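Below is one structure, written out as structure tokens; comments come after it.
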Amino acid sequence: MLALVAALTLTFTEDPRQLGWIVALAIAAVPAFVARDHHILAPAGRFAEVVVTGLAAGSVAASADAAGQVNAGFGAEAVLPYLAVPLLTAALHRRAAEGAVLLGVAAVSMVAGGFFPDPEGDPTLFQPGYLAACGQWLVLGVIVTFAAETMRQLLQPPEPTPQPYAEATRLLTQLRSVARSLPGATLDPGGISEHLLEELRAVAPGHRAAVLSASGGGRLVVLAQTGAERVDWETTLDADSAIADAWATQQPQVASRSQARTHQSGEVSSLVVPLVAGVRTIGLVILETDASGAYPSVVVQQVTEVTGPAALRLEAALLFDDVRSLATNEERQRLAREIHDGVAQELVMVGYGIDNAQATLPEGAEETAEELRTLRAEVTRVITELRLSLFELRSEVDRNGGLAAAIAEYARTLGTSAGLRVHFTFDESTARLPAATEAELLRIAQEAITNARKHAGASNLWVTCTVDPPYAEIEVSDDGKGFADERPDGRYGLTIMAERAERIRGRLKITPRHPSGTTVAVVLGTPPRRDSVRDSVSAPEGE
């Protein structure tokens, strides 16, 4: 553009001295060209270019009139094309406000340049050609400034939309690679939360701390907590509390009262820091100490510096849990459908065939009839086992009913099929465990109940469910024969239960029950310092 305006200026004016304006333009363009990303030098350079262009327009127009090459001020057309350079640069950097200011500066500079006198001594500003040239390039400048972004979007080719399954495959492949490269190759929300509390302990010591996350239904679940005593944290988001305020505003909240449902009176300082990933609040960190004014702004800033990176780690772990739960549930439903539509239907047909064979037996074939009756009873037993397996595959923890209700439903169903007397004892807090943890505890309880029904030969089954997040204990006891006559499939079931308990960082305990039978218990966390049974039910005989 400099070469073009230099050639036009020399052609219109026949005065080499006017090339001084081109040299001035080159000098003014240096900052914007060399330091194009600098937030001060680059805009300053563009302003200088606009000012020089406006002044040069008047000078070149007057000189062109004197040379007689172009009259009536049209000589300004030699320099004004350069006005597109700073305006287009600002538009490409998406600085519309700067472009608007540059247009205003350009108009003022053109007016100032218009006071250069023509050969008759009159200002060039009042010549129609000068006014037309300046007006034309100002209009073009407006188009360049405000239409460049729209034109860029129109000319940009649309990005191909990936197919959902192809995109899912790509993302899952990336997730697998990232998970393998993480420290300890873990994406466990509980472990990440405990590590976060350990980091915060060095920054802001306190008497109690917890990490909470959303569970659906407007409630929170406790992922991890520390303190000498168990704290019954507030887990509702519609209460008048610092927890609800921090979740809604995404800003740290300092309070002079405890965020627990029940807390002894006294001086307390609470700090609730939201864990924000992008624009979503995925959890909260609660710090409390038994002193007033324990969390000044300096401490709050130090805490947020720790929780900021942790929010992304926790979000990745929670998303991974969701993906794993979706995949597991889908696989369980698929297996249930295949068993129901395949093996189960075929066994029913086999049973019908045995019934037909029995009906057509000739008289006197008592031995064959007895064998067919035995075979028919075995087929009926296998079909019953398959139906119970289908029920187990399709059993889930209802987000409204809770873990205890799901275990009770399963125990009642299996107790009825086996003629067991089932006794329930529930001690379940209104707070909830994470969905993935509840699902694993349900599977462990199902396996323990199934083992008691199949292998123990028991008459009674005792099921105890204690949930006080993040603590939980599920205990299944029977009065059967214990492990004296252990079967390989029973041992395999115990291995599965141990693996599930390890996955949620729990402990599986298997002990003999006096005077007979076995007790299988899975414990998560440490028990609270209280002893209150909220709901205790003993089912009628046969249920």
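In table form, for the structure just shown:
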read-out	value
Selection from region 285-310 of residues that are loosely packed, with under 15 Cβ neighbours inside 10 Å and part of a loop (DSSP other than H, G, I, E, B)	ALA291, SER292, GLY293, PRO296
Residues located in region 185-200, provided they are modelled with pLDDT under 80 and out of contact with any Asp or Glu (no Cβ under 9 Å at 6 or more places or on another chain)	ALA185, THR186
Residue count for region 40-75, restricted to those that are under 16 Å from LEU138 (Cβ atoms) and either in contact with a strand residue (DSSP E or B) (Cβ under 8 Å, 6 or more places away or on another chain) or in contact (Cβ under 8 Å) with a residue 60 or more places away in the chain (or both)	4
Flag for ASP321 being at pLDDT below 85 and either over 14 Å from the mean Cα position of the chain (by Cα) or open to solvent by less than 40 Å² (accessible area, probe 1.4 Å) (or both)	yes
Residue match in region 148-163 (condition: open to solvent by 40 Å² or more (accessible area, probe 1.4 Å), modelled with pLDDT under 80, touching a Lys or Arg at 6+ places or on another chain (Cβ under 7 Å) and not basic (Lys, Arg))	yes
Matching residues, region 506-517, being of a type in the set (D, E, K, R) and loosely packed, with under 15 Cβ neighbours inside 10 Å	ARG507, LYS509
Residue within region 428-436 that is touching a Gly at 6+ places or on another chain (Cβ under 6 Å), part of a helix (DSSP H, G or I) and among the small types (Gly, Ala, Ser) present	no
Condition met for VAL222 (open to solvent by less than 40 Å² (accessible area, probe 1.4 Å) and at pLDDT 80 or above)	yes
Long-range neighbours under 6 Å by Cβ, at least six apart or interchain, first residue among the aliphatic types (A, V, I, L, M) within region 197-216, second at pLDDT 90 or above and open to solvent by 50 Å² or more (accessible area, probe 1.4 Å)	VAL203/GLN302
Tally of residues being at pLDDT 80 or above, open to solvent by 30 Å² or more (accessible area, probe 1.4 Å), out of contact with any strand residue (DSSP E or B) (no Cβ under 7 Å at 6 or more places or on another chain) and farther than 22 Å from ALA90 by Cβ across region 113-147	5
Hey, THR11 within 25 Å of ASP122 (Cβ to Cβ) and either open to solvent by 60 Å² or more (accessible area, probe 1.4 Å) or of a type in the set (D, E, K, R) (or both) or not	yes
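The values are calculated or read from the model by the stated rules, or taken from the named source; none is laboratory data. Only a predicted model underlies this, so the values are computations on that prediction, with no experimental measurement involved. We place every Cβ from the backbone using ideal geometry, glycine too, and count neighbours over all the protein chains shown. Heads up: the accessible areas ignore ligands, DNA and RNA and are worked out on the full protein's heavy atoms, side chains in. Shrake-Rupley method; radii C 1.70, N 1.55, O 1.52, S 1.80 Å.
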